[in-house]
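Notes follow the structure.
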Amino acid sequence: MLKAEKTQGCFAFDTVRISVIHSPLIKLGADTAICSGDSLLLDAGTGFSQYQWSNGVNVQSVYAGTAGSYSVIALTVEGCRSYDTLAITQLFALPVVSLNQDSTICSGELRTLNAGSGYAGYTWSTGSNSQSIIINHMGQYAVAVIDNNGCKGADTTSITEMLPAPSGFLEADTSICSYENLPLKATAGFDQYKWSTGSTASAVVVKQPGIYWLQVKDSNGCAGKDSIIVNAKVCPNK
């Protein structure tokens, strides 16, 4: 308000009212890091008539998915201005999970699927939350992991074929004379042999009665075990 005296006793008056309009605050949040492939929603909020982002967009909110600085200036209908800036400081690499992709499994085999160590959490399609699971049948198996940065990775593998384990590959039980040498061998060829005698040859020669077993592994890596009983028999003197 202004009061002015031009001459003695003569006054002039005028008043002006000033209202301060407060522009809404913009809070984009604190600087942060995100996982590769993720995006962060940046929202300048309501109460503005115009928005101008540093990437040239003119809307209320934007998605940011690369490292860098993001700023916005917003104007109200009265022409008041608000602004804020947020920086995405780093893109964390996603965890890389690599499960065994062998689609076959030997009958009776136990296979371990390992998602790798060092993660903060594991979620398997079987319901397990451990680093690894043990499987022995066909099906699809999936795992999702989360690391200490909150980033997620996943992998899937399928077992589509059950391979038969070698069996019945030794001949029928037999007998041996006290002075005989009896050769024992498998009725089929295999990649690996392990006899109860300690031999790893494809065939052995035994000289006395007993129970002999052979453990083999075929070209598919499937293991099997069979045994033979060698009985003593009465023979004419040599």
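Some notes on this structure:
- Taking the listed residues Y212, Y193, the one that is under 11 Å from V230 (Cβ atoms), under 48 Å from the mean Cα position of the chain (by Cα) and crowded, with 17+ Cβ neighbours inside 10 Å is Y212, with no other qualifying.
- The number of residues in region 1-43 that are within 60 Å of the chain's Cα centre (by Cα) and acidic (D, E) comes to 3.
- Taking residues in region 75-98 that are part of a strand (DSSP E or B), and partners anywhere that are among the β-branched types (V, I, T) and open to solvent by 40 Å² or more (accessible area, probe 1.4 Å), the pairs with Cβ atoms closer than 6 Å and at least 6 places apart or on different chains are Y83/I73.
- Scanning region 177-190 for residues that are open to solvent by 50 Å² or more (accessible area, probe 1.4 Å) and part of a strand (DSSP E or B) turns up P183, K185.
- Test result for D31, open to solvent by 90 Å² or more (accessible area, probe 1.4 Å), touching a Ser or Thr at 6+ places or on another chain (Cβ under 6 Å) and modelled with pLDDT of 95 or more: yes
- For region 34-50, a residue qualifies if it is in a strand (DSSP E or B), open to solvent by less than 30 Å² (accessible area, probe 1.4 Å) and either under 13 Å from I73 (Cα atoms) or not aliphatic (A, V, I, L, M) (or both), and the qualifying residues are C35, L42.
- Only one entry of S61, S39 meets the criterion of being of a type in the set (S, T, Y) and in contact with an Asp or Glu (Cβ under 7 Å, 6 or more places away or on another chain), and that entry is S61.
- Failed criterion for I21 (all others in (1) touching a strand residue (DSSP E or B) at 6+ places or on another chain (Cβ under 9 Å); (2) open to solvent by 80 Å² or more (accessible area, probe 1.4 Å); (3) part of a loop (DSSP other than H, G, I, E, B) hold): (1)
- Filtered residues of region 58-82 (kept if of a type in the set (F, W, Y) and surrounded by fewer than 16 Cβ atoms within 10 Å (Cβ to Cβ)): Y63
- Long-range neighbours under 6 Å by Cβ, at least six apart or interchain, first residue within 24 Å of E109 (Cβ to Cβ) and modelled with pLDDT of 95 or more within region 192-217, second part of a loop (DSSP other than H, G, I, E, B) and open to solvent by 80 Å² or more (accessible area, probe 1.4 Å): Y193/T200; K194/T200; K217/D191
- Evaluation of A115 against (1) open to solvent by 60 Å² or more (accessible area, probe 1.4 Å); (2) modelled with pLDDT of 95 or more (one fails), failing number: (1)
- Any hit, region 150-168, residues being buried (at least 17 other Cβ atoms within 10 Å of the Cβ) and out of contact with any strand residue (DSSP E or B) (no Cβ under 7 Å at 6 or more places or on another chain): no
- As for region 101-120, it holds no residue that is in a strand (DSSP E or B), in contact with a Ser or Thr (Cβ under 6 Å, 6 or more places away or on another chain) and closer than 30 Å to S49 by Cα.
- Single condition I229 does not satisfy, out of (1) over 30 Å from D102 (Cα atoms); (2) part of a loop (DSSP other than H, G, I, E, B); (3) modelled with pLDDT of 95 or more; (4) touching a strand residue (DSSP E or B) at 6+ places or on another chain (Cβ under 8 Å): (2)
The values are calculated or read from the model by the stated rules, or taken from the named source; none is laboratory data. Owing to the predicted nature of the structure, the values given are computational and were not obtained by experimental measurement. Reconstructed Cβ throughout: ideal geometry from the backbone, glycine too, with neighbour counts over all protein chains shown. What goes into the accessible areas is simple: the full protein's heavy atoms, side chains included, and nothing from ligands, DNA or RNA. Shrake-Rupley method; radii C 1.70, N 1.55, O 1.52, S 1.80 Å.
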